[in-house]
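Written below as C-alpha coordinates is the structure these notes are about.
The values are calculated or read from the model by the stated rules, or taken from the named source; none is laboratory data. Treat the numbers as computed from the prediction; the structure is a model and nothing was measured. Quick reminder, even Gly has a Cβ in these numbers, built from the backbone with ideal geometry, and neighbours come from all protein chains shown. Just the protein is used for accessible areas: all its heavy atoms, side chains included, with ligands, DNA and RNA removed. Shrake-Rupley method; radii C 1.70, N 1.55, O 1.52, S 1.80 Å.
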Amino acid sequence: MLTGKKAFLLFLLASVVSLSGQTIMHHDSKITGMVNELSTNNLKATVQKLVGFGTRHSFSTNENETRGITAACKWVKGEFDKIAIATGGRFEAVWDTFTVNPEGRRILKKEQMINVIGRLKGNNKEDKRVFLVSGHIDSRNGSANDTKIDAPGANDDASGVALVVELARIMSKYNFPADIVFTVVSGEEQGLYGSTHIAEKAKEENWNIEAMLNNDMVGNSASSGNRIEDNIQVRVFSEGIPAFETDRMKRERIATSGENDSKSRQLARYIKEVGERYVDNIEVKLIYRSDRFLRGGDQSPFSRNGFTAVRLTEMNENFDRQHQNVREENGIKYGDVIESVDFEYVRKIAAINLAAIANANLAPGPPVNAAIEVREVANNTKIKWETPGGTAPDGYYVLMRETSSPVWQKKFFVKGNELMLPYSKDNYFFAVQSVDKEGHESLPVFPAIARN
Ligand SMILES: [Zn+2]
(Lines give C-alpha, C1' and ligand atoms only; values in the text may rest on other atoms or scores of the structure.)
Protein backbone atom coordinates (compact mmCIF):
# COMPACT_ATOMS: atom_id res chain seq x y z
CA MET A 1 0.00 0.00 0.00
CA LEU A 2 1.19 3.48 -0.79
CA THR A 3 1.28 5.52 2.42
CA GLY A 4 0.91 9.29 2.38
CA LYS A 5 4.61 9.74 3.12
CA LYS A 6 5.73 7.35 0.37
CA ALA A 7 3.38 8.98 -2.11
CA PHE A 8 4.83 12.38 -1.24
CA LEU A 9 8.37 11.08 -1.72
CA LEU A 10 7.42 9.63 -5.08
CA PHE A 11 5.88 12.97 -6.03
CA LEU A 12 9.11 14.74 -5.04
CA LEU A 13 11.18 12.30 -7.06
CA ALA A 14 8.93 12.75 -10.08
CA SER A 15 9.29 16.53 -9.94
CA VAL A 16 13.07 16.32 -9.68
CA VAL A 17 13.16 14.01 -12.69
CA SER A 18 11.00 16.37 -14.72
CA LEU A 19 13.12 19.36 -13.64
CA SER A 20 16.34 17.62 -14.63
CA GLY A 21 14.66 16.76 -17.93
CA GLN A 22 14.61 20.41 -19.00
CA THR A 23 16.44 20.95 -22.25
CA ILE A 24 18.48 24.01 -23.12
CA MET A 25 17.82 25.34 -26.62
CA HIS A 26 20.88 26.68 -28.47
CA HIS A 27 19.86 28.58 -31.58
CA ASP A 28 22.22 29.46 -34.40
CA SER A 29 21.13 32.97 -35.44
CA LYS A 30 21.95 32.14 -39.07
CA ILE A 31 19.49 29.20 -39.08
CA THR A 32 16.88 31.20 -37.16
CA GLY A 33 17.28 33.96 -39.76
CA MET A 34 16.63 31.53 -42.61
CA VAL A 35 13.63 30.02 -40.82
CA ASN A 36 12.19 33.51 -40.27
CA GLU A 37 12.58 34.29 -43.96
CA LEU A 38 10.12 31.53 -44.96
CA SER A 39 7.05 33.22 -46.32
CA THR A 40 3.52 31.82 -46.44
CA ASN A 41 2.84 34.34 -49.23
CA ASN A 42 5.65 32.91 -51.38
CA LEU A 43 4.51 29.34 -50.70
CA LYS A 44 0.95 30.25 -51.62
CA ALA A 45 2.02 32.11 -54.78
CA THR A 46 3.95 29.03 -55.99
CA VAL A 47 1.04 26.67 -55.35
CA GLN A 48 -1.30 29.15 -57.09
CA LYS A 49 1.04 29.29 -60.09
CA LEU A 50 1.28 25.48 -60.32
CA VAL A 51 -2.49 24.99 -59.95
CA GLY A 52 -2.87 27.53 -62.77
CA PHE A 53 -1.40 25.02 -65.26
CA GLY A 54 -4.71 23.12 -65.06
CA THR A 55 -3.25 19.62 -65.04
CA ARG A 56 0.31 18.53 -64.32
CA HIS A 57 -0.27 14.92 -65.23
CA SER A 58 3.09 13.40 -66.21
CA PHE A 59 1.92 12.90 -69.80
CA SER A 60 0.15 16.23 -70.23
CA THR A 61 3.35 17.22 -72.02
CA ASN A 62 3.53 20.00 -74.57
CA GLU A 63 -0.15 20.95 -74.16
CA ASN A 64 0.79 24.60 -74.61
CA GLU A 65 2.62 27.41 -72.84
CA THR A 66 0.02 27.78 -70.10
CA ARG A 67 -1.30 24.27 -69.52
CA GLY A 68 0.31 20.92 -68.71
CA ILE A 69 3.41 19.60 -67.01
CA THR A 70 5.97 20.90 -69.53
CA ALA A 71 4.82 24.47 -68.96
CA ALA A 72 4.84 23.92 -65.19
CA CYS A 73 8.39 22.48 -65.28
CA LYS A 74 9.53 25.41 -67.45
CA TRP A 75 8.19 27.77 -64.81
CA VAL A 76 10.11 25.98 -62.02
CA LYS A 77 13.26 25.96 -64.17
CA GLY A 78 12.76 29.72 -64.62
CA GLU A 79 12.63 30.19 -60.84
CA PHE A 80 15.82 28.12 -60.45
CA ASP A 81 17.49 30.12 -63.26
CA LYS A 82 16.76 33.34 -61.36
CA ILE A 83 18.46 31.86 -58.29
CA ALA A 84 21.40 30.75 -60.43
CA ILE A 85 21.89 34.32 -61.70
CA ALA A 86 21.49 35.84 -58.23
CA THR A 87 24.15 33.54 -56.74
CA GLY A 88 26.73 34.10 -59.48
CA GLY A 89 27.29 30.43 -60.31
CA ARG A 90 26.97 28.81 -56.89
CA PHE A 91 23.55 27.43 -57.88
CA GLU A 92 22.99 25.29 -60.94
CA ALA A 93 19.58 24.63 -62.58
CA VAL A 94 19.23 21.40 -64.60
CA TRP A 95 16.48 20.35 -67.03
CA ASP A 96 16.58 16.56 -66.67
CA THR A 97 14.62 14.51 -69.23
CA PHE A 98 14.38 10.74 -69.52
CA THR A 99 12.31 8.12 -71.31
CA VAL A 100 9.93 5.61 -69.74
CA ASN A 101 8.67 2.43 -71.37
CA PRO A 102 5.09 1.09 -71.36
CA GLU A 103 4.16 -1.29 -68.55
CA GLY A 104 0.49 -1.72 -69.53
CA ARG A 105 -1.01 -0.06 -66.47
CA ARG A 106 0.00 3.54 -65.88
CA ILE A 107 2.33 3.94 -68.84
CA LEU A 108 0.65 2.95 -72.09
CA LYS A 109 3.30 4.00 -74.58
CA LYS A 110 6.90 5.15 -74.68
CA GLU A 111 6.96 8.62 -73.14
CA GLN A 112 9.33 11.33 -71.99
CA MET A 113 9.38 12.68 -68.45
CA ILE A 114 10.98 15.80 -66.96
CA ASN A 115 12.65 16.54 -63.62
CA VAL A 116 13.92 19.97 -62.66
CA ILE A 117 16.95 19.93 -60.38
CA GLY A 118 18.70 22.74 -58.56
CA ARG A 119 22.08 22.27 -56.93
CA LEU A 120 23.57 24.70 -54.44
CA LYS A 121 27.27 23.96 -54.39
CA GLY A 122 29.08 23.74 -51.08
CA ASN A 123 32.10 25.98 -50.49
CA ASN A 124 34.32 23.25 -49.01
CA LYS A 125 35.79 21.12 -51.78
CA GLU A 126 36.87 18.49 -49.23
CA ASP A 127 33.29 18.03 -48.10
CA LYS A 128 31.68 15.45 -50.38
CA ARG A 129 28.34 15.20 -48.55
CA VAL A 130 25.10 15.90 -50.41
CA PHE A 131 21.75 16.82 -48.85
CA LEU A 132 18.66 16.38 -50.97
CA VAL A 133 15.13 17.79 -50.56
CA SER A 134 12.35 16.73 -52.91
CA GLY A 135 8.74 17.24 -53.98
CA HIS A 136 6.79 15.93 -57.00
CA ILE A 137 5.36 18.25 -59.61
CA ASP A 138 3.06 15.78 -61.37
CA SER A 139 -0.60 15.61 -60.36
CA ARG A 140 -3.57 13.37 -61.08
CA ASN A 141 -7.33 13.42 -60.83
CA GLY A 142 -9.75 10.52 -60.22
CA SER A 143 -8.21 8.52 -63.05
CA ALA A 144 -4.48 7.76 -63.00
CA ASN A 145 -4.22 7.92 -66.79
CA ASP A 146 -6.37 10.98 -67.50
CA THR A 147 -4.12 13.63 -69.02
CA LYS A 148 -6.89 16.05 -70.04
CA ILE A 149 -9.29 16.91 -67.21
CA ASP A 150 -8.07 19.36 -64.53
CA ALA A 151 -5.87 17.91 -61.80
CA PRO A 152 -4.92 20.92 -59.64
CA GLY A 153 -2.79 18.91 -57.19
CA ALA A 154 -2.57 21.87 -54.82
CA ASN A 155 -1.65 19.75 -51.84
CA ASP A 156 -0.45 16.64 -53.74
CA ASP A 157 2.12 17.83 -54.36
CA ALA A 158 2.33 21.50 -55.30
CA SER A 159 2.76 22.03 -51.55
CA GLY A 160 5.96 19.95 -51.61
CA VAL A 161 7.26 21.71 -54.74
CA ALA A 162 6.55 25.13 -53.21
CA LEU A 163 8.54 24.05 -50.15
CA VAL A 164 11.50 22.96 -52.31
CA VAL A 165 11.49 26.19 -54.37
CA GLU A 166 11.22 28.36 -51.23
CA LEU A 167 14.10 26.51 -49.55
CA ALA A 168 16.23 26.97 -52.69
CA ARG A 169 15.45 30.69 -52.74
CA ILE A 170 16.40 31.22 -49.09
CA MET A 171 19.28 28.76 -48.60
CA SER A 172 21.06 29.89 -51.78
CA LYS A 173 21.72 33.27 -50.13
CA TYR A 174 23.96 31.52 -47.61
CA ASN A 175 27.17 29.52 -47.80
CA PHE A 176 27.20 25.87 -46.80
CA PRO A 177 30.17 23.51 -46.79
CA ALA A 178 28.33 20.65 -48.57
CA ASP A 179 26.01 20.56 -51.61
CA ILE A 180 22.22 20.83 -51.31
CA VAL A 181 20.19 19.35 -54.17
CA PHE A 182 16.62 20.58 -54.71
CA THR A 183 14.64 18.09 -56.79
CA VAL A 184 11.25 18.67 -58.42
CA VAL A 185 10.30 15.33 -59.94
CA SER A 186 7.72 13.89 -62.32
CA GLY A 187 6.11 10.50 -62.64
CA GLU A 188 5.39 9.98 -58.94
CA GLU A 189 1.76 9.10 -59.59
CA GLN A 190 2.71 6.75 -62.43
CA GLY A 191 5.18 4.80 -60.26
CA LEU A 192 7.94 7.01 -58.76
CA TYR A 193 9.76 7.35 -62.09
CA GLY A 194 11.38 10.77 -61.69
CA SER A 195 12.75 9.96 -58.28
CA THR A 196 13.96 6.53 -59.44
CA HIS A 197 15.78 8.21 -62.33
CA ILE A 198 17.66 10.56 -59.96
CA ALA A 199 18.35 7.85 -57.33
CA GLU A 200 19.86 5.51 -59.95
CA LYS A 201 21.96 8.31 -61.40
CA ALA A 202 23.13 9.23 -57.88
CA LYS A 203 24.18 5.64 -57.24
CA GLU A 204 25.95 5.37 -60.58
CA GLU A 205 27.84 8.62 -59.97
CA ASN A 206 28.58 7.78 -56.31
CA TRP A 207 26.86 10.79 -54.78
CA ASN A 208 27.58 10.80 -51.07
CA ILE A 209 23.96 11.48 -50.07
CA GLU A 210 23.85 12.09 -46.34
CA ALA A 211 20.09 12.62 -46.22
CA MET A 212 17.13 12.68 -48.60
CA LEU A 213 13.95 14.41 -47.37
CA ASN A 214 10.87 13.73 -49.46
CA ASN A 215 7.96 16.13 -48.94
CA ASP A 216 4.69 14.84 -50.33
CA MET A 217 1.40 16.42 -49.18
CA VAL A 218 2.51 18.88 -46.55
CA GLY A 219 -0.44 21.27 -46.44
CA ASN A 220 -3.67 19.53 -45.49
CA SER A 221 -4.72 20.12 -41.90
CA ALA A 222 -8.36 18.94 -42.07
CA SER A 223 -8.89 15.21 -42.30
CA SER A 224 -11.75 13.46 -44.05
CA GLY A 225 -13.92 11.06 -42.10
CA ASN A 226 -12.99 11.91 -38.52
CA ARG A 227 -13.08 15.74 -38.70
CA ILE A 228 -9.72 16.19 -37.00
CA GLU A 229 -8.05 19.55 -37.60
CA ASP A 230 -4.34 19.51 -36.90
CA ASN A 231 -1.48 21.68 -38.09
CA ILE A 232 0.72 21.13 -35.05
CA GLN A 233 1.98 17.64 -35.88
CA VAL A 234 3.82 16.26 -38.91
CA ARG A 235 4.72 12.66 -39.72
CA VAL A 236 8.21 11.52 -40.63
CA PHE A 237 8.16 8.01 -42.11
CA SER A 238 11.41 6.07 -41.84
CA GLU A 239 12.32 2.49 -42.68
CA GLY A 240 13.58 0.14 -39.95
CA ILE A 241 15.26 -2.72 -41.80
CA PRO A 242 16.89 -1.09 -44.84
CA ALA A 243 15.37 -1.90 -48.24
CA PHE A 244 18.96 -2.19 -49.37
CA GLU A 245 20.63 -4.55 -46.91
CA THR A 246 23.66 -6.69 -47.62
CA ASP A 247 24.33 -9.94 -45.74
CA ARG A 248 27.01 -8.14 -43.78
CA MET A 249 24.62 -5.36 -42.78
CA LYS A 250 22.09 -7.98 -41.74
CA ARG A 251 24.59 -9.80 -39.50
CA GLU A 252 25.58 -6.50 -37.88
CA ARG A 253 21.92 -5.52 -37.38
CA ILE A 254 21.17 -8.81 -35.63
CA ALA A 255 24.32 -8.66 -33.51
CA THR A 256 23.60 -5.10 -32.31
CA SER A 257 19.77 -5.46 -32.13
CA GLY A 258 19.89 -2.44 -34.41
CA GLU A 259 16.55 -2.93 -36.15
CA ASN A 260 15.37 0.44 -34.82
CA ASP A 261 18.66 2.20 -35.55
CA SER A 262 18.89 2.24 -39.32
CA LYS A 263 20.36 5.39 -40.89
CA SER A 264 16.84 6.34 -41.87
CA ARG A 265 15.70 6.18 -38.20
CA GLN A 266 18.72 8.25 -37.13
CA LEU A 267 17.75 10.85 -39.73
CA ALA A 268 14.11 10.85 -38.55
CA ARG A 269 15.17 11.38 -34.91
CA TYR A 270 17.56 14.13 -36.02
CA ILE A 271 14.76 15.90 -37.93
CA LYS A 272 12.62 15.69 -34.80
CA GLU A 273 15.28 17.06 -32.47
CA VAL A 274 16.57 19.86 -34.67
CA GLY A 275 13.18 20.67 -36.24
CA GLU A 276 11.48 21.12 -32.89
CA ARG A 277 14.48 23.16 -31.68
CA TYR A 278 13.94 25.78 -34.39
CA VAL A 279 10.22 25.63 -35.21
CA ASP A 280 7.49 26.53 -32.75
CA ASN A 281 4.06 24.94 -32.44
CA ILE A 282 4.82 21.76 -34.32
CA GLU A 283 5.72 18.27 -33.17
CA VAL A 284 7.46 15.71 -35.35
CA LYS A 285 5.83 12.28 -35.05
CA LEU A 286 8.20 9.41 -35.74
CA ILE A 287 6.35 6.84 -37.82
CA TYR A 288 8.18 3.52 -37.81
CA ARG A 289 7.34 2.40 -41.32
CA SER A 290 8.66 3.31 -44.74
CA ASP A 291 5.29 4.63 -45.96
CA ARG A 292 1.51 4.33 -45.53
CA PHE A 293 -0.60 1.30 -46.47
CA LEU A 294 -1.49 1.13 -50.18
CA ARG A 295 0.76 4.12 -50.96
CA GLY A 296 4.35 4.79 -51.87
CA GLY A 297 6.63 7.77 -52.10
CA ASP A 298 9.72 9.24 -53.72
CA GLN A 299 11.91 8.34 -50.73
CA SER A 300 11.64 4.64 -51.63
CA PRO A 301 13.79 4.63 -54.80
CA PHE A 302 16.54 6.29 -52.74
CA SER A 303 16.18 3.70 -49.96
CA ARG A 304 16.30 0.90 -52.53
CA ASN A 305 19.53 2.32 -53.91
CA GLY A 306 21.16 2.34 -50.48
CA PHE A 307 20.64 5.97 -49.48
CA THR A 308 19.25 7.40 -46.25
CA ALA A 309 15.77 8.73 -47.04
CA VAL A 310 12.58 9.68 -45.19
CA ARG A 311 9.14 11.01 -46.04
CA LEU A 312 7.50 14.06 -44.45
CA THR A 313 3.71 14.17 -44.73
CA GLU A 314 0.80 15.92 -43.05
CA MET A 315 -0.58 14.22 -39.92
CA ASN A 316 -4.07 13.55 -41.30
CA GLU A 317 -5.12 13.08 -44.90
CA ASN A 318 -8.24 14.27 -46.64
CA PHE A 319 -9.24 11.60 -49.17
CA ASP A 320 -11.98 13.83 -50.62
CA ARG A 321 -9.18 16.18 -51.64
CA GLN A 322 -6.67 13.84 -53.27
CA HIS A 323 -6.83 11.86 -56.53
CA GLN A 324 -10.33 13.25 -57.21
CA ASN A 325 -11.96 15.10 -60.08
CA VAL A 326 -12.95 18.59 -58.94
CA ARG A 327 -16.71 18.43 -58.36
CA GLU A 328 -19.50 18.68 -55.82
CA GLU A 329 -21.64 15.66 -54.96
CA ASN A 330 -24.39 15.51 -52.31
CA GLY A 331 -23.07 18.73 -50.80
CA ILE A 332 -19.50 17.37 -50.47
CA LYS A 333 -16.68 19.15 -52.30
CA TYR A 334 -14.06 16.95 -53.97
CA GLY A 335 -10.74 17.81 -55.58
CA ASP A 336 -7.23 18.89 -54.61
CA VAL A 337 -7.90 22.63 -54.76
CA ILE A 338 -5.90 25.49 -53.23
CA GLU A 339 -8.72 26.49 -50.85
CA SER A 340 -8.00 23.41 -48.73
CA VAL A 341 -4.26 24.06 -48.31
CA ASP A 342 -3.17 25.45 -44.92
CA PHE A 343 -0.13 27.56 -45.80
CA GLU A 344 0.89 28.13 -42.19
CA TYR A 345 1.20 24.34 -41.95
CA VAL A 346 3.31 24.22 -45.15
CA ARG A 347 5.53 26.98 -43.71
CA LYS A 348 6.16 25.07 -40.48
CA ILE A 349 7.03 21.84 -42.32
CA ALA A 350 9.30 23.81 -44.69
CA ALA A 351 11.00 25.28 -41.61
CA ILE A 352 11.62 21.80 -40.19
CA ASN A 353 13.27 20.70 -43.45
CA LEU A 354 15.35 23.87 -43.56
CA ALA A 355 16.55 23.66 -39.95
CA ALA A 356 17.50 19.98 -40.19
CA ILE A 357 19.33 20.32 -43.52
CA ALA A 358 21.10 23.57 -42.55
CA ASN A 359 22.23 22.27 -39.15
CA ALA A 360 23.51 18.96 -40.53
CA ASN A 361 25.22 20.66 -43.47
CA LEU A 362 26.96 23.25 -41.26
CA ALA A 363 28.12 20.46 -38.95
CA PRO A 364 31.33 18.49 -39.53
CA GLY A 365 30.92 15.11 -41.20
CA PRO A 366 29.77 12.24 -38.97
CA PRO A 367 32.42 10.27 -37.04
CA VAL A 368 34.00 7.39 -38.95
CA ASN A 369 34.17 3.72 -37.93
CA ALA A 370 32.29 4.23 -34.66
CA ALA A 371 32.38 0.98 -32.72
CA ILE A 372 31.39 -0.33 -29.34
CA GLU A 373 33.99 -2.54 -27.68
CA VAL A 374 32.71 -6.04 -27.02
CA ARG A 375 35.68 -8.12 -25.87
CA GLU A 376 34.42 -9.40 -22.57
CA VAL A 377 31.35 -9.14 -20.35
CA ALA A 378 31.44 -5.92 -18.31
CA ASN A 379 29.01 -3.44 -16.77
CA ASN A 380 30.31 -0.48 -18.70
CA THR A 381 30.52 0.74 -22.26
CA LYS A 382 33.53 1.82 -24.29
CA ILE A 383 32.90 3.48 -27.63
CA LYS A 384 35.57 4.67 -30.04
CA TRP A 385 35.57 6.38 -33.44
CA GLU A 386 37.80 8.14 -35.94
CA THR A 387 37.90 11.80 -36.97
CA PRO A 388 35.96 12.46 -40.20
CA GLY A 389 37.56 14.11 -43.25
CA GLY A 390 36.84 17.76 -44.07
CA THR A 391 36.59 20.31 -41.26
CA ALA A 392 37.71 18.70 -38.00
CA PRO A 393 35.03 18.59 -35.29
CA ASP A 394 35.45 20.54 -32.06
CA GLY A 395 34.30 17.40 -30.26
CA TYR A 396 31.69 14.67 -30.21
CA TYR A 397 28.42 13.85 -28.52
CA VAL A 398 27.87 10.30 -27.37
CA LEU A 399 24.10 9.79 -27.28
CA MET A 400 22.38 7.28 -25.06
CA ARG A 401 18.84 5.99 -24.68
CA GLU A 402 17.03 3.08 -23.08
CA THR A 403 16.39 0.24 -25.52
CA SER A 404 12.64 0.97 -25.39
CA SER A 405 12.94 4.74 -25.88
CA PRO A 406 12.21 6.19 -29.34
CA VAL A 407 14.46 9.24 -28.82
CA TRP A 408 17.92 9.94 -27.40
CA GLN A 409 17.81 10.73 -23.68
CA LYS A 410 21.36 11.64 -22.62
CA LYS A 411 24.21 13.37 -24.34
CA PHE A 412 27.90 13.29 -23.27
CA PHE A 413 30.37 15.77 -24.76
CA VAL A 414 33.93 14.54 -25.34
CA LYS A 415 36.97 16.06 -27.07
CA GLY A 416 38.83 12.87 -27.89
CA ASN A 417 38.02 9.80 -29.99
CA GLU A 418 36.71 7.47 -27.33
CA LEU A 419 34.56 7.42 -24.23
CA MET A 420 34.12 4.96 -21.38
CA LEU A 421 30.71 5.17 -19.72
CA PRO A 422 29.64 3.54 -16.46
CA TYR A 423 26.44 2.27 -18.09
CA SER A 424 26.03 -1.26 -19.35
CA LYS A 425 26.00 -1.63 -23.14
CA ASP A 426 23.43 -4.39 -22.59
CA ASN A 427 20.86 -1.93 -21.25
CA TYR A 428 21.15 1.06 -23.56
CA PHE A 429 21.60 2.07 -27.17
CA PHE A 430 24.35 4.51 -28.10
CA ALA A 431 25.32 6.69 -31.05
CA VAL A 432 28.03 9.26 -31.79
CA GLN A 433 27.81 12.59 -33.58
CA SER A 434 30.44 15.18 -34.48
CA VAL A 435 29.91 18.74 -33.26
CA ASP A 436 31.57 22.05 -34.14
CA LYS A 437 32.25 25.09 -31.91
CA GLU A 438 28.85 26.64 -32.71
CA GLY A 439 27.04 23.46 -31.70
CA HIS A 440 26.02 22.14 -35.14
CA GLU A 441 25.73 18.36 -34.80
CA SER A 442 26.23 15.79 -37.56
CA LEU A 443 23.79 12.94 -38.06
CA PRO A 444 24.35 10.33 -35.35
CA VAL A 445 26.23 7.14 -36.20
CA PHE A 446 25.12 3.86 -34.63
CA PRO A 447 28.28 2.01 -33.57
CA ALA A 448 29.26 -1.33 -35.01
CA ILE A 449 30.81 -4.04 -32.85
CA ALA A 450 34.58 -4.01 -32.23
CA ARG A 451 35.84 -7.39 -31.05
CA ASN A 452 39.52 -6.46 -30.82
ZN1 LIG B 1 1.94 12.71 -53.84
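Pairs of alpha-carbon atoms within less than 8 angstrom and 6+ residues apart define the contacts here; what relative contact order does the range 82-159 have, in percent? Provide the component values of the computation, followed by the final result.
Values: 81 pairs, mean separation 17.5, N = 78.
Here the relative contact order equals 22 percent.
Would you list, by chain and number, the aspartates and glutamates whose Cα falls below 19 Å from the Cα of Lys77, excluding same-chain residues fewer than 8 positions away?
Glu63, Glu65, Glu92, Asp96, Asp138, Asp157, Glu166, Asp179, Glu188
Could you tell me which of the pairs Lys121/Lys173; Lys49/Lys74; Lys128/Lys272 are separated by over 19 angstrom between their Cα atoms in the structure shown? List each step's numbers first, then the result.
Values: Lys121/Lys173 12 Å; Lys49/Lys74 12 Å; Lys128/Lys272 25 Å.
Flagged as over cut-off: Lys128/Lys272.
How much net charge surrounds Leu399 when only the other residues with a Cβ under 14 Å from the Cβ of Leu399 are counted, with Lys and Arg +1 and Asp and Glu -1? Show your work: numbers first, answer last.
Working: positive: Arg265, Arg269, Lys272, Arg401, Lys410, Lys411, Lys425; negative: Asp261, Glu273, Glu402, Glu441.
So the surrounding residues net to +3.
List the chymotrypsin sites (Phe, Trp or Tyr not before Pro) within the range 414-452 that fall in a DSSP loop (any state other than H, G, I, E or B) and whose Cβ has at most 15 other Cβ atoms within 10 Å. Before the final figure, lay out each step's value.
Numbers: sites: Tyr423, Tyr428, Phe429, Phe430; in loops: Tyr423.
Those that pass, being in a loop and sparsely packed, are Tyr423.
Normalised by the number of residues in the chain, what is the relative contact order in percent for Cα pairs under 8 Å and 6+ residues apart?
Values: 1010 pairs, mean separation 70.9, N = 452.
Here the relative contact order equals 16 percent.
Counting DSSP beta bridges with both partners in the chain, what percentage is antiparallel, nearest 5? Before the final figure, lay out each step's value.
Working: 45 of 71 bridges.
Roughly 65 percent of the DSSP beta bridges within the chain come out antiparallel.
Using a probe of 1.4 angstrom, how much of the accessible area of the range 365-450 is carbon and sulfur, in percent? Working shown, then result.
Numbers: 2060 of 4160 Å².
The computed percentage sits at 49.
Take the alpha-carbon centre of the range 106-153, take the same for the range 289-338, and report the distance between them in whole Å.
15 Å
From the residues Ile228, Val445, Ile180, which one has its Cα farthest along the dipole of the chain in the positive direction, the dipole being from +1 and -1 charges on Cβ of Lys/Arg and Asp/Glu about the Cα centre?
Of the candidates, Val445 comes out farthest on the positive side.
Quote the charge dipole size of the range 29-362 about the Cα centre in Debye, to the nearest 20; the model charges only the Cβ of Lys and Arg (+1) and of Asp and Glu (-1). Walk me through the numbers on the way to the answer.
Values: 46 positive and 48 negative charges, 126 e Å.
It comes to approximately 600 debye.
So with the 1.4 Å probe, I'd like the accessible area per residue for the chain, rounded to whole Å².
Numbers: 20580 Å² over 452 residues.
I get 46 Å² per residue for the chain.
Which of the GluC sites (Glu not before Pro) across the range 95-188 are loop residues per DSSP, with 15 or fewer other Cβ within 10 Å? Intermediate results must be reported in sequence, preceding the final value.
On the way: sites: Glu103, Glu111, Glu126, Glu166, Glu188; in loops: Glu103, Glu126.
Those that pass, being in a loop and sparsely packed, are Glu103, Glu126.
Around Leu419, with a cut-off of 9 angstrom between Cβ atoms, what is the net charge of the other residues, counting Lys and Arg +1 and Asp and Glu -1? Let's see the in-between values first.
Details: positive: Lys382, Lys384; negative: Glu418.
For residues surrounding Leu419, the net value is +1.
What are the lysines whose alpha-carbon lies under 18 Å from the alpha-carbon of Lys109, with same-chain residues fewer than 8 places away excluded?
Filter leaves Lys148.
As a test of understanding, state the convex hull volume per residue of the range 365-450 from its alpha carbons, in Å³. Numbers along the way, then the final one.
On the way: hull volume 7.2 nm³, N = 86.
Looking at the range 365-450, the number lands at 83 Å³ per residue.
Given an 8 Å cut-off on Cα distances and at least 6 residues of separation, report the relative contact order of the range 131-181 as a percent.
Details: 42 pairs, mean separation 24.4, N = 51.
About 48 percent, as a whole number.
Straight-line reach from Lys44: which lysines fall under 17 Å, measuring Cα to Cα and dropping same-chain residues less than 8 apart?
Result set, ordered by chain and number: Lys348.
Okay, helix-only estimate at 222 nm for the chain: each DSSP H run of n ≥ 4 adds -39500 (n - 2.57), divide by all residues, round to 500 deg cm²/dmol; what do you get? Kindly include the intermediate steps, with their values, before the conclusion.
Details: 11 runs with 137 residues, N = 452.
The per-residue figure over the chain is -9500 deg cm²/dmol.
Please compute, over every Cα-Cα pair in the chain, the percentage with a separation greater than 41 angstrom. Please report the intermediate quantities before stating the final value.
Working: 20474 of 101926 pairs.
It works out to 20 percent of all Cα pairs.
Once the convex hull of the alpha carbons of the range 203-309 is built, what does its volume come to per residue, in cubic angstrom? List each step's numbers first, then the result.
Details: hull volume 13.9 nm³, N = 107.
Cα convex hull per residue, to the nearest whole number: 129 Å³.
Report Rg (one decimal) and Dmax (nearest whole number) for the range 316-435, counting Cα atoms only, units Å.
Over the range 316-435's Cα set, Rg and Dmax evaluate to 23.2, 70 Å.
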